[in-house]
Amino acid sequence: MTDPCTHRLELPDEAATQELARRLAPLVRHGGRIHLTGDLGAGKTTFARALLRECGIRGRIKSPTFALVEVYEVSNLYFYHFDFYRFNDPREWLDAGFRDALAAKDAVVLIEWAEKAGAELPPPDLEIILEPAGDGRVATLTASSEHGQSWLNALFPNAHKPPSA
Ligand SMILES: Nc1ncnc2c1ncn2[C@@H]1O[C@H](COP(=O)(O)OP(=O)(O)O)[C@@H](O)[C@H]1O
Ligand SMILES: [Mg+2]
């Protein structure tokens, strides 16, 4: 039996990555934590941009590769888009004063390269692993909270239902 907490999805082109992000956007509007995992060029920023755009963020959405974090606010909801690629020491995010933002319950927190922040980082609701597959990508979505599981149930309503008699 497949694990109900995990879904795999083919993303044949950039538009498919953006479409998945747009479908997730309305589900995270009350806050949520998403880790985006994958090599350079896997599509993490592409995904984050499409999600942020769909959540109503206007203007330029920069990759946080150099600033480490970009912060947005829409209708009193905060969005934190982190990129820890340049982190060398897992303690750096604590020193950088990100603890409150990273633990925020009522914010949307998107993290690229969360694995560089070490084990002290609060766990995500959902991790999305992006890997190359031919010219496209394959996404593996894993929920690790009730929130994350409810998002997966909404995204993939027909998965894991027992066959009807
Ligand atoms: N599903 C996909 N299939 C093919 N190319 C994709 C897909 N998703 C994104 N891309 C492309 O891959 C590149 C990913 O860049 P970016 O999102 O900055 O990656 P990352 O943030 O993971 O380093 C972009 O050029 C984008 O157009
Ligand atoms: Mg990136």
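The values are calculated or read from the model by the stated rules, or taken from the named source; none is laboratory data. This structure is a prediction, so every number in the text was calculated from the model and none was measured. Don't worry about glycine lacking a Cβ; one is built from the backbone with ideal geometry, like all the others, and counts go over all protein chains shown. Protein only, heavy atoms only, side chains kept; ligands, DNA and RNA dropped before computing areas. Shrake-Rupley method; radii C 1.70, N 1.55, O 1.52, S 1.80 Å.
List of remarks:
- For ILE57, the criteria (1) away from ligand 2 (no atom under 16 Å from the Cβ); (2) among the β-branched types (Val, Ile, Thr); (3) at pLDDT below 95 hold in every case but one, which is (3).
- The lone exception for ASP100 - which of (1) of a type in the set (Asp, Glu); (2) away from ligand 1 (no atom under 16 Å from the Cβ); (3) surrounded by 13 or more Cβ atoms within 10 Å (Cβ to Cβ) it fails: (3)
- Search result, residues across region 61-93 that are within 16 Å of ligand 1 (Cβ to nearest atom), open to solvent by 70 Å² or more (accessible area, probe 1.4 Å) and not charged (D, E, K, R): PHE66, TYR85
- On inspection, ILE111 passes the criterion of being surrounded by 12 or more Cβ atoms within 10 Å (Cβ to Cβ), touching a His at 6+ places or on another chain (Cβ under 8 Å) and not in a helix (DSSP H, G or I).
- Any hit, region 47-70, residues being of a type in the set (Asp, Glu) and within 24 Å of GLN149 (Cα to Cα): yes
- Scanning region 25-48 for residues that are open to solvent by 20 Å² or more (accessible area, probe 1.4 Å) and more than 16 Å from ligand 1 (Cβ to nearest atom) returns PRO26, LEU27, ARG29, HIS30, ARG33.
- Residue count for region 1-24, restricted to those that are buried (at least 17 other Cβ atoms within 10 Å of the Cβ) and near ligand 1 (Cβ under 7 Å from one of its atoms): 2
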